[in-house]
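Engineer: After the structure tokens below, expect a handful of questions from me.
Since every read-out is calculated from the coordinates, none of them should be taken as a lab result. From a predicted model like this one, the values you see are computed outputs, not experimental measurements. Neighbour counts are summed over all protein chains in view; Cβ atoms, including those assigned to glycine, are modelled from backbone coordinates with ideal geometry.
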Amino acid sequence: MKKVLLFLIIVFCLTISACGKDSSNSTVPETTHIHDFGEWSVTKKATCSAEGAKERTCACGEKETKTIPATGKHDYVGKVTKEATVTEEGVKTYTCSVCGDQYEEAIEKVPGNWEIGYYVDELGNKTSDAYVIGSFNGKFCNSATSFSDLTAFVYLDKSSTTTMFRLLEYGSYRASALSSDHIEINLEKEDGSTEIIKLKYSSSQGTFYSDDNKLKSLILNNASLTCVIMIFPKYGSSYDAYAFNIDNAGLKELYNQT
């Protein structure tokens, strides 16, 4: 019995001794590192035509990068490359400040007072014979009213020296004159100089006119004219006055097309 007890004591002591040995030389599997990346940071900004880039970093120093797709959104800057006139549209060109991509946009014609009109035949059908007509607002005075609304139409025909005027009182009623009346048009140019030209009245057409080519030349070659058509009756001291300004912007281009 004593021998058995001694054997158990020896085994127990050997076991304790084994557990106390240095284990620094033993092999232990290494734990796998799991990256803990921070927030993404843009390192190259994407543009309309070029990709960008971003990256994020782990506490261990490891970096991850990704591509940012091109935005496809251009940064256009507009510039007028052709000025609009009363006869032609203009052009505005838009250019991307990043990649140079371009597109164009039409600019509407400048509103003008002149347009091309066409004569009609006996049946009222439009012919190929053309003239230019200008429409201008003004004021008129006579024995019955003062500074009332006036619409003045000016007609020019390249094939004739005649210049015609149709005057509409209140925009609707044709002004008229008698064959015995003295009629003249007073014109003031931009430089302040003046001209007076005699007019006639056509009752069949309801127009005032002059065959003096000087009148047509003044209208064609002056950017602006202040006009007053005066009607003086043969008897009496009163007179009628029709005042309006003629702007010839675009006139020559249209006139040369007729």
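Engineer: Which aspartates and glutamates, if any, have their Cα less than 12 Å from the Cα of residue 234, not counting same-chain residues under 8 positions apart?
Structural biologist: In chain and number order, the partners are 181.
Engineer: Given the rule -39500 (n - 2.57) for each run of at least 4 DSSP H residues, summed and divided by the residues of the chain, what is its mean residue ellipticity at 222 nm, to the nearest 500 deg cm²/dmol?
Structural biologist: Calculated mean residue ellipticity at 222 nm is -4000 deg cm²/dmol.
Engineer: Could you calculate the contour length gain from residue 147 to residue 213, that is, 0.36 nm times the residue separation minus the distance between their Cα atoms, to one decimal place in nm?
Structural biologist: 20.7 nm
Engineer: Near the amide H of residue 46, under 5 Å away, which other amide H atoms are found, from residues 5 or more places off or on another chain, if H is placed in the peptide plane?
Structural biologist: Placed amide hydrogens put 52, 53 under 5 Å from residue 46.
Engineer: Test of the criteria: in the stretch 129-192, which GluC sites (Glu not before Pro) are in a DSSP loop and have at most 12 other Cβ atoms within 10 angstrom of their Cβ?
Structural biologist: 190
Engineer: Using each residue's phi in the stretch 196-210, evaluate 6.51 cos²θ - 1.76 cosθ + 1.60 at θ = phi - 60° and report the 3J(HN,Hα) Karplus result to the nearest Hz, with x for Gly and Pro.
Structural biologist: Once rounded to whole Hz, the list reads 10, 10, 6, 10, 10, 10, 9, 5, 6, 9, x, 10, 9, 8, 9.
Engineer: Hey, another quick one. Under 8 Å for C-alpha pairs, at least 6 residues apart: give me the relative contact order for the stretch 114-257, rounded to a whole percent.
Structural biologist: 24
Engineer: Something else about it: With a 10 Å radius around each residue's Cβ, average the other Cβ atoms per peptide and rank 241-250, 97-106, highest first.
Structural biologist: 241-250, 97-106
Engineer: If you don't mind, another one. Relative to the longest principal axis of the C-alpha atoms of the chain, give the angle of the C-alpha long axis of helix 2-19, reported between 0 and 90° and rounded to the nearest 10°.
Structural biologist: 30
Engineer: Semi-axes of the stretch 180-258's equivalent ellipsoid from the Cα gyration tensor, sqrt of 5 times each eigenvalue, largest first, rounded to whole Å?
Structural biologist: The answer is 25, 16, 10 Å, longest axis first.
Engineer: Follow-up question, since we're still on this one. In nm, give the distance between the simple-model label positions of residue 226 and residue 88, each being 7 Å from the Cα along the Cα-to-Cβ direction.
Structural biologist: 3.4
Engineer: Out of the chymotrypsin sites (Phe, Trp or Tyr not before Pro) in the stretch 145-201, which ones are loop residues according to DSSP with at most 15 other C-beta atoms within 10 Å?
Structural biologist: 147, 170
Engineer: Once both labels are modelled 7 Å past Cα along the beta-carbon direction, what's the residue 191-residue 135 spacing in nm?
Structural biologist: Each label point is offset 7 Å from its Cα along the Cβ direction, giving 3.4 nm.
Engineer: Something else about it: Using each residue's phi in the stretch 133-150, evaluate 6.51 cos²θ - 1.76 cosθ + 1.60 at θ = phi - 60° and report the 3J(HN,Hα) Karplus result to the nearest Hz, with x for Gly and Pro.
Structural biologist: Once rounded to whole Hz, the list reads 10, x, 10, 9, 8, x, 9, 9, 9, 8, 5, 9, 8, 9, 6, 8, 5, 10.
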